[in-house]
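*Asks:* Got a structure here, written out as structure tokens. Questions coming.
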Amino acid sequence: MRDYHLYDKNGLSFYVFRKSQGEWELAYGVLADDVREACIDALILRYDHDSPELFYKDGKRNVVRISAKKGGIWHVYVNTTYVASIQYDEYAKKFEYYLEAEIPLTVEHIEKYIGMIQRGEIKWVRER
């Protein structure tokens with residue numbers, strides 16, 4: 001569990017946002033719903049280093065997390081649910097992927113993440 005303190009521009013009011021088991025919440029203070037959600041979005045983008053993207057679909061926040069594994073494999077999760085995998089084929093020198101059906105991610109998302117891996121924006125566990 002980790003707490004993040006945000007202060008109002010007057011410097012007197014403060015709010016405590018908490019990340020516990022991958023979920024964010026406003027733990028102390030009162031904010032309008034849209035402001036609270038905007039703050040949580042900003043905290044996710046700033047502090048969740050394994051989250052290259054968040055997007056909304058049908059009014060629901062979808063946080064993408066990518067976990068690098070050994071052997072050139074990445075597991076892709078949306079809101080803690082496994083939805084895809086990306087693998088680098090050493091022999092063919094290309095990326096391949098598997099995408100679950102009926103999920104909020106599209107092929108375009110996966111291609112974007114592959115590009116991020118190639119540019120080093122998403123970590124890569126290399127075997128020695």
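*Asks:* Show me the strands (runs of 3 or more DSSP E) found entirely inside the range 1-67 where at least 3 residues are loosely packed, with under 12 Cβ neighbours inside 10 Å, of a type outside the set (Asp, Glu) and on the phi < 0 side of the Ramachandran plot. First the steps, then the outcome.
*Replies:* Values: elements: 2-7, 14-20, 23-28, 53-57.
Fully inside the range 1-67 and qualifying: 2-7.
*Asks:* Consider the range 1-37. How many of its residues are aromatic (Phe, Trp, Tyr) and modelled with pLDDT under 90?
*Replies:* The initial filter retains those residues of the range 1-37 that are aromatic (Phe, Trp, Tyr), namely 4, 7, 14-15, 17, 24, 28.
Now drop any that are not modelled with pLDDT under 90, which leaves 4, 7, 14, 24.
Final tally of qualifying residues: 4.
*Asks:* Taking MET116 and the conditions (1) touching a strand residue (DSSP E or B) at 6+ places or on another chain (Cβ under 6 Å); (2) of a type in the set (A, V, I, L, M); (3) not in a strand (DSSP E or B), which numbered condition does it fall short on, given that it satisfies the others?
*Replies:* In the conditions (1) touching a strand residue (DSSP E or B) at 6+ places or on another chain (Cβ under 6 Å); (2) of a type in the set (A, V, I, L, M); (3) not in a strand (DSSP E or B), MET116 misses (1) alone.
*Asks:* Consider only pairs whose beta carbons are under 6 Å apart and that are at least six residues apart or on different chains; among these, list those whose first residue lies in the range 5-18 and is within 17 Å of TYR47 (Cα to Cα) and whose second residue is of a type in the set (Asp, Glu) and loosely packed, with under 13 Cβ neighbours inside 10 Å.
*Replies:* Note: pairs meeting the criteria are VAL16/ASP3; ARG18/ASP3; ARG18/GLU25.
*Asks:* Considering every residue within the range 74-84, establish whether at least one is among the hydroxyl-bearing types (Ser, Thr, Tyr), crowded, with 17+ Cβ neighbours inside 10 Å and in a strand (DSSP E or B).
*Replies:* Yes, there is a match, as at least one residue in the range 74-84 is among the hydroxyl-bearing types (Ser, Thr, Tyr), crowded, with 17+ Cβ neighbours inside 10 Å and in a strand (DSSP E or B).
*Asks:* When you scan the range 85-108, how many residues do you find that are aromatic (Phe, Trp, Tyr) and open to solvent by 70 Å² or more (accessible area, probe 1.4 Å)? Give the derivation first.
*Replies:* Of the residues in the range 85-108, the ones aromatic (Phe, Trp, Tyr) are 88, 91, 95, 97-98.
Still in the list and also open to solvent by 70 Å² or more (accessible area, probe 1.4 Å): 91, 97-98.
Of the residues in the range 85-108, 3 are aromatic (Phe, Trp, Tyr) and open to solvent by 70 Å² or more (accessible area, probe 1.4 Å).
A quick yes/no check of all residues on (1) touching a residue at least 40 places away in the same chain (Cβ under 8 Å); (2) within 30 Å of PHE17 (Cβ to Cβ); (3) small (Gly, Ala, Ser); (4) touching a helix residue (DSSP H, G or I) at 6+ places or on another chain (Cβ under 7 Å):
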{"residue": "ASP58", "(1), (2), (3), (4)": "no, yes, no, no"}
{"residue": "ALA84", "(1), (2), (3), (4)": "no, yes, yes, yes"}
{"residue": "TYR91", "(1), (2), (3), (4)": "no, no, no, no"}
{"residue": "GLN118", "(1), (2), (3), (4)": "no, no, no, no"}
{"residue": "ILE122", "(1), (2), (3), (4)": "yes, yes, no, yes"}
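The values are calculated or read from the model by the stated rules, or taken from the named source; none is laboratory data. The structure presented is a predicted model; accordingly, all values stated were derived computationally and were not measured. Every residue, glycine as well, gets a Cβ built from its backbone with ideal geometry; the counts of neighbours run over all protein chains shown. Heavy atoms of the whole protein, side chains included, go into the accessibility calculation; ligands, DNA and RNA do not. Shrake-Rupley method; radii C 1.70, N 1.55, O 1.52, S 1.80 Å.
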